[in-house]
Amino acid sequence: MADVLDPDVFNNRGTHVLTRGQRLQLEVNGYVIIENALTADETGRYYEAMKRLEKDFKDSDDPGEAMIRNCKLSQYTPHKWHFTHILESQPEFLEYLSHPLMVSLAEELVGGSVRLEESEATINRRPPDLPDFPDGFHYGTRPNYGCYTEKGLHHCMFVKCLTNLTELGPDDGGTVVIAGSHKLNLPIDEVIDAARQEPSLVHQIIAPAGSTVLFGESLVHATGILRSDNERVIIIGGYTPTMYQAWIGNEPSKDYVEQSPDHLKTFLSGDAIWNWARNARDF
C-alpha cells in the first residue's frame, strides 16, 4: 500500500519509471499499459470505495443532480455513470491519485513535476444497443498547442492515468484509442473516419484488474464497446504541470486543501509561480 500521508514516500517517488521498451511504446502508439500497477489490496479497497460512492448516489433523491462530498455525475444513464471530482468523496481516492507510481508515470509523459488536474471514475454496463464501432472519440489537447518534444521524446502537458478496478477482457469495454493519433494535427473526424477504414489502428485496453494505462490527452480515445455482462469500473487521475489550473469543476475546495498534508498541498492545488521543475528523460 502506498502511504501517501508519509512525505518521505511521496517525495522520494521514483523518476523515469518506464523501461526503454515501455517508453518506446508510449512514443509510437501514444499509450502504454502497466499491468498489475496496483496491489490486490489497493485494487480491492479502491473498488469498494467506488461501490460505496455509487451507493451514496443511488440513495440520493436524484443521482443525476446530486452533489456528494463535492462529487457529481457528469454522465448519468442506465448503463453508464461518470463521476467527476471524486477526490473529496472517499479517503481512498487521495491515496490513488497521489500514488507514487501514478504521479511518477504522469511526470514521465509531462516531462516535469505535476499537479492533480482532475479526478474521475466510470462505472458502466452493457447498453441495450451495441454499436459496430466505438463512439465518443475525443481528445483534451492537440499536438500543436499542448505537446512538445525534448531530448527526442514526445511530451504532453495534460496526461491521464486510467486504472481498471475490474478485469478487462476482450468483451469488457476497455478504453479504445486510435494508435499514433497523439502526434497528428488533423481534424478529428478525418482521423476517426480513417480508423473506421483501418480498424487495426483502434487499440483496446485488455488487462488484469489493477492495471494502469498512461496516455496524453492528445491521443484520440473513447470508451470501448462493452459486450459482456460484466461491470466495468475505472478510476482516473488527470495531471498537468504545477502552474496550470484544474479542469472546470475539479479544483479542490479550500477546506480540503487546508486539511491535507503539507507535502500534498502544491500537488492538489498547483503553484501560480512558473517555477516548473522540468525533468525530461533521455531515451
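Bear in mind these aren't lab numbers, they're just calculated from the coordinates by the rules spelled out. These numbers come from a predicted model, not from an experiment. Virtual Cβ from ideal backbone geometry, glycine too; neighbours counted across all protein chains shown.
Evaluate the relative contact order of the chain (contact order divided by residue number), counting alpha-carbon pairs under 8 angstrom at least 6 apart; express in whole percent. Let's see the in-between values first.
On the way: 596 pairs, mean separation 76.6, N = 283.
Across the chain, relative contact order equals 27 percent.
For a bin width of 5 Å, list the pair-distance distribution of the chain built from all Cα-Cα distances, rounded to whole %.
Pairs per bin, as whole percents: 1, 6, 12, 17, 19, 18, 14, 8, 3, 1, 0.
From the Cα trace of segment 12-106, what convex hull volume per residue do you get, rounded to a whole Å³? Each step should come with its number before you reach the end.
Values: hull volume 12.1 nm³, N = 95.
Value for segment 12-106: 127 Å³ per residue.
With a Förster radius of 25 Å, plug the Cβ-Cβ distance of Lys265 and Thr15 into 1/(1 + (r/R0)^6) and report the FRET value to the nearest 0.05.
On the way: r = 21 Å, r/R0 = 0.84.
Calculated value: 0.75.
Hey, if you drop one equal point scatterer on each alpha-carbon of segment 81-156 and run the Debye formula without solvent, what base-10 log of I(q)/I(0) do you get at q = 0.21 Å⁻¹?
Evaluating at q = 0.21 Å⁻¹ gives log10 I(q)/I(0) of -1.08.
Hey, what's the Cα Rg ratio for segment 140-228 versus the globular rule of thumb, 2.2 N^0.38 Å? Please list the in-between numbers first.
Values: Rg = 13.9 Å, N = 89, 2.2 N^0.38 = 12.1 Å.
Normalised Cα radius of gyration, segment 140-228: 1.15.
For q = 0.19, 0.28 Å⁻¹, what log10 I(q)/I(0) does segment 182-238 give under the Debye formula with an equal point scatterer on each alpha carbon and no solvent?
Log-scaled intensity ratios, in q order: -0.89, -1.35.
Note the full-extension length gain between Asp193 and Asp129 as 0.36 nm times their separation in residues minus their Cα-Cα distance, in nm to one decimal.
Working: separation 64, 0.36 × 64 = 23.04 nm, distance 2.14 nm.
Once the chain is fully extended between Asp193 and Asp129, it gains 20.9 nm.
Helix-derived [θ] at 222 nm for the chain: sum -39500 (n - 2.57) over DSSP H runs of at least 4, divide by residue count, nearest 500?
Computed mean residue ellipticity for the chain: -7500 deg cm²/dmol.
Using just the alpha carbons, could you tell me how many Å³ per residue the convex hull of segment 169-283 encloses? Walk me through the intermediate numbers first.
Values: hull volume 22.0 nm³, N = 115.
Hull volume over Cα atoms, normalised by residue count, gives 192 Å³.
Given Cα pairs under 8 Å that are at least 6 residues apart, what percent is the relative contact order of segment 1-151? If you can, show how the numbers build up before the last one.
Numbers: 141 pairs, mean separation 37.1, N = 151.
Value for segment 1-151: 25 percent.
What whole number of Å gives the distance from the Cα centroid of segment 107-180 to the Cα centroid of segment 201-271?
What the calculation gives is 9 Å, centre to centre.
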